[in-house]
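**Q** This structure is in structure tokens; I'll ask about it shortly.
The values are calculated or read from the model by the stated rules, or taken from the named source; none is laboratory data. This is a predicted model, so every value here is computed, not measured. Here the Cβ positions follow ideal geometry from the backbone for every residue, glycine too, while neighbour counts run over all protein chains shown. Please note that ligands, DNA and RNA were not included when accessible areas were found on the heavy atoms of the full protein model with its side chains. Shrake-Rupley method; radii C 1.70, N 1.55, O 1.52, S 1.80 Å.
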2 protein chains.
Amino acid sequence: MRIVEIPARKLDARAFISEKAQEISDTVGDGTAITALSGGVDSSVVTRLGGLALGSRLKAYFINNGLMRKDEPQSVARVFRRIGIRVEVLDAQKPFFDALKGLRDPEEKREAITQTFYKKVFGQLVKSSGARFLLQGTILTDVEETVAGVKRQHNVLEQLGVDPQAAFGYGIIEPLLQLRKDGVRKLAKALGLPVSVYKRMPFPGPALAARVVGEVTPERVEVVRAATAIVESELRNVRAFQYMAILHDDQFAGMRDGKREFGRQIEVRCWSSVDARTAKPVWLPRRELQRLAARLTREVPGIVSVTYNIASKPPSTMEAV
Amino acid sequence: MRIVEIPARKLDARAFISEKAQEISDTVGDGTAITALSGGVDSSVVTRLGGLALGSRLKAYFINNGLMRKDEPQSVARVFRRIGIRVEVLDAQKPFFDALKGLRDPEEKREAITQTFYKKVFGQLVKSSGARFLLQGTILTDVEETVAGVKRQHNVLEQLGVDPQAAFGYGIIEPLLQLRKDGVRKLAKALGLPVSVYKRMPFPGPALAARVVGEVTPERVEVVRAATAIVESELRNVRAFQYMAILHDDQFAGMRDGKREFGRQIEVRCWSSVDARTAKPVWLPRRELQRLAARLTREVPGIVSVTYNIASKPPSTMEAV
């Protein structure tokens, strides 16, 4: 299957919105569709599009997989409630952590999250809801990265030859397939979504699991969640494409109260980038780095060491795994 | 046993040197003593002192444990040849790597190096040489850190209740026990050692093994050795107490030729410190960090990511393990 790209500058947002709303409406007929909202701009745009096309026949869910940032499920639901879309937050922490238990390989962790999402949590949701369609915000970059083997995106299925109807029992509608991130942002604006949505920093599909090196346990996610809150709060006024905290698995010597204590390291990355295809570190002022290191070692339990990533993409990637 | 400290400012270097040379001479009598030179200022001063006291009855060795920096054995031998002390370089790479095989715990790795050094390599050396004494550059800080449990120094034995005579078959002479690093540097100068010795940057007892997180294999030491050569060459004009490259064990996503490739991370640390008891990172200029990251990812095989440590000691330590 060949997808014809629509570059952002050529995108007629209004025409695209009415065309896609019509397509969704035609496909779903008088049935219902489901969408899983992550808070990201792609899934937000798709949810809004689905709302326009289907009204209350669209069921929007936020799956709390236990891997989200501090207060994220509540704040996403709040944003959509304000624009008239009811989002149900579903607590699915247990199946995700069960699936992740003991896994250390990045590909296996991603696969466990994908499988748990589509087969277990979503499959049951679709079944119990009676919906026959899943509305999904896959974009062209997701497809390309997955096909090229750069990164296995969690939302690319048909492009890999997986038939979701046969595998999971529902069809997938992907209205954003021809767009890249900048096109989706343009749509978000045209759809009246708040700036917090369309200017939102990219956040990976596997959420904080992508920022935990080694096994993903509730305790380790809690550590990276606390570090993430500090980094996002400290760097909120920095002009950057993306910034993040990564919890390492390696152990490092540290000292507390004059005694040696082994602990872990938090790596901070702060990227300058246009389209995520290449990226360079933002060179933060010394004072900012000092504050980050001081807060992370003081406020996050078990952290004795903090680093700042100074490599470029390539050969680095933006996320750790 | 209580050791009375001699602070550097109160140290009468000439008097101290002749007093210690006399003590060494009295202790060894008409026998021979051995010293193991690491290239560090402590062992260099002790070797020079031993040379003054014993002349050719001092046998100086450089044990090449496979964990030293690029060209280090040869360059140390060269420095001492110039001041009239013959240093024999002993290839002992195999027993050290055999002992380190499969070990990942930092304490176990240190212990393996200590045991291999004292029992295997040095024990045999002493036996075959007929020497009854080992001249050693232990300083007060080594003893304190070991006793306090901050760090197990490789050269502290009697202070831990180990009788080297019973354990290894030789006595240990430690003429620098009352001094700290600044006192030893003062002695080095008074003894006419070259500036490359007495202004040499601190380097850990377990050598590059202290900078390899995870298993210490010949291949992994080769990686950190190449990274160390780059960091030391790039930062040679920086005013710093110490700088280093650390090879992590965690794996990170990277990209080469448009494909994902998992690789490892090099962490650079560059410390500003007076006495190593506390330390802060040196805030290197952006250009320097860029050059470090570019060279490390380009020239060191398998490295896809580079970080710079921004924490302070405490709660960090200067070395990684």
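**Q** Along the positive direction of the dipole of the protein assembly as shown (beta-carbon charges: Lys, Arg +1; Asp, Glu -1; about the Cα centre), which of B:VAL238, A:VAL147, A:ALA226 reaches farthest?
**A** Final value for the positive-end residue is B:VAL238.
**Q** Name the lysines eligible as straight-distance cross-link partners of A:LYS20: C-alpha to C-alpha under 26 Å, and not fewer than 8 places from it in the same chain.
**A** Partners within reach: A:LYS10, A:LYS59, A:LYS127, A:LYS181, A:LYS186, A:LYS189, A:LYS199.
**Q** Measure nothing but the geometry: give the 0 to 90° angle between the long axis through the Cα atoms of A:181-190 and the longest principal axis through the Cα atoms of chain A, rounded to 10°.
**A** Around 60 degrees separate the two axes.
**Q** Same structure again: Return the chain A residue and its Cβ-to-axis distance, rounded to the nearest Å, for the rotation relating A to B.
**A** Chain A residue with minimal Cβ-axis distance: A:THR307, 2.
**Q** Counting DSSP beta bridges in the protein assembly as shown, what percent are antiparallel, to the nearest 5?
**A** Working: 35 of 77 bridges.
Beta bridges within the protein assembly as shown, antiparallel portion: roughly 45 percent.
**Q** Of the accessible area of the protein assembly as shown, with the probe set at 1.4 angstrom, what percent is carbon plus sulfur?
**A** Numbers: 13410 of 27730 Å².
Reported share for carbon and sulfur atoms: 48 percent.
**Q** Averaged across B:260-267, how many Cβ atoms of other chains sit within 10 Å of each residue's Cβ atom?
**A** Taking all residues of B:260-267 together, the mean is 5.
**Q** How many Å² of accessible area per residue for chain A, probe 1.4 Å? Walk me through the numbers before you get to the answer.
**A** Working: 13870 Å² over 321 residues.
So chain A comes to 43 Å² accessible per residue, rounded to a whole number.
**Q** Hey, any idea what the orientation-averaged projected area of the convex hull of chain A's Cα atoms comes to, in nm²? Present the calculation step by step, with values, prior to reporting the outcome.
**A** Numbers: hull surface 66.6 nm².
With the hull built on Cα positions only, its mean projection is 16.7 nm².
**Q** Then there's this: Kindly compute the accessible surface that chains A and B hide from a 1.4 Å probe when together, both sides summed, and give it to the nearest 100 Å².
**A** On the way: alone 15820 and 15820 Å², together 27730 Å².
Buried surface at the A/B interface: approximately 3900 Å².
**Q** P(r) of the protein assembly as shown in 20 Å steps, Cα pairs, percent per bin?
**A** Result, from short to long distances: 17, 42, 24, 13, 3, 0 percent.
**Q** Right, another one. If each DSSP helix of 4+ residues adds -39,500 (n - 2.57) and the sum is divided by the residues in chain B, what number results at 222 nm, nearest 500 deg cm²/dmol?
**A** Numbers: 12 runs with 126 residues, N = 321.
Result for chain B: -11500 deg cm²/dmol, rounded to the nearest 500.
**Q** Between B:LYS127 and B:VAL4, what length in nm is gained on full extension when 0.36 nm per residue of separation is reduced by their alpha carbon distance?
**A** Numbers: separation 123, 0.36 × 123 = 44.28 nm, distance 3.29 nm.
The B:LYS127-B:VAL4 span can extend by a further 41.0 nm.
**Q** Which value in nm describes the separation of the simple spin-label points at A:TRP283 and A:ASP98, placed 7 Å from the Cα toward the beta carbon?
**A** 5.2 nm
**Q** Please report, for the Cα atoms of the range A:196-321, the Rg to one decimal and the Dmax as a whole number; what are they, in angstrom?
**A** Both quantities, over Cα of the range A:196-321: 14.5, 48 Å.
**Q** With a sphere of radius 10 Å drawn around the Cβ of B:ASN64, what net charge do the other residues whose Cβ falls strictly inside it have (Lys, Arg +1; Asp, Glu -1)?
**A** Working: positive: none; negative: B:GLU72, B:ASP91.
The answer is -2.
**Q** Taking H placed 1.01 Å from N in the peptide plane, check which residues at least 5 places from A:ASP250 or on another chain put their amide H under 5 Å from its amide H.
**A** Placed amide hydrogens put B:ASP250 under 5 Å from A:ASP250.
**Q** Can I ask one more? Taking a ≥ b ≥ c as the square roots of the eigenvalues of the Cα gyration tensor of the range B:1-158, is the shape rounded (a/c under 1.5), prolate (a/b larger than b/c) or oblate? Write out the running numbers ahead of the final one.
**A** On the way: a/c = 1.69, a/b = 1.22, b/c = 1.38.
Verdict is oblate for the range B:1-158.
**Q** I've got another one for you. Hey, quick one: spin label on B:SER272, modelled 7 Å out along Cα-Cβ, who in the range B:225-266 has an amide N within reach, i.e. under 14 Å?
**A** B:238-242
**Q** Turning to a different aspect of this structure: Put a point 7 Å out from Cα along the line to Cβ at A:ASP30; what are the distances to that point in the other copies, in nm, shortest first?
**A** Distances between equivalent label points, in nm: 11.8.
**Q** Here is a follow-up. Quick check for me: using +1 on Lys/Arg Cβ and -1 on Asp/Glu Cβ, what's the dipole size of chain B about its Cα centre, in debye to the nearest 20?
**A** The calculated dipole for chain B is roughly 1080 debye.
**Q** Go through A:ASP249, B:ASP26 and list them by solvent-accessible area, largest first, probe radius 1.4 Å.
**A** On the way: A:ASP249 30, B:ASP26 105 Å².
Final ranking, largest accessible area leading: B:ASP26, A:ASP249.
**Q** Only counting protein heavy atoms at a 1.4 Å probe, give the residues of the range A:236-252, ordered by number, whose accessible area falls by 30 Å² or more when the other protein chains are present relative to the chain alone.
**A** Residues passing the criterion (a loss of at least 30 Å², heavy atoms only) are A:HIS248, A:ASP250, A:PHE252.
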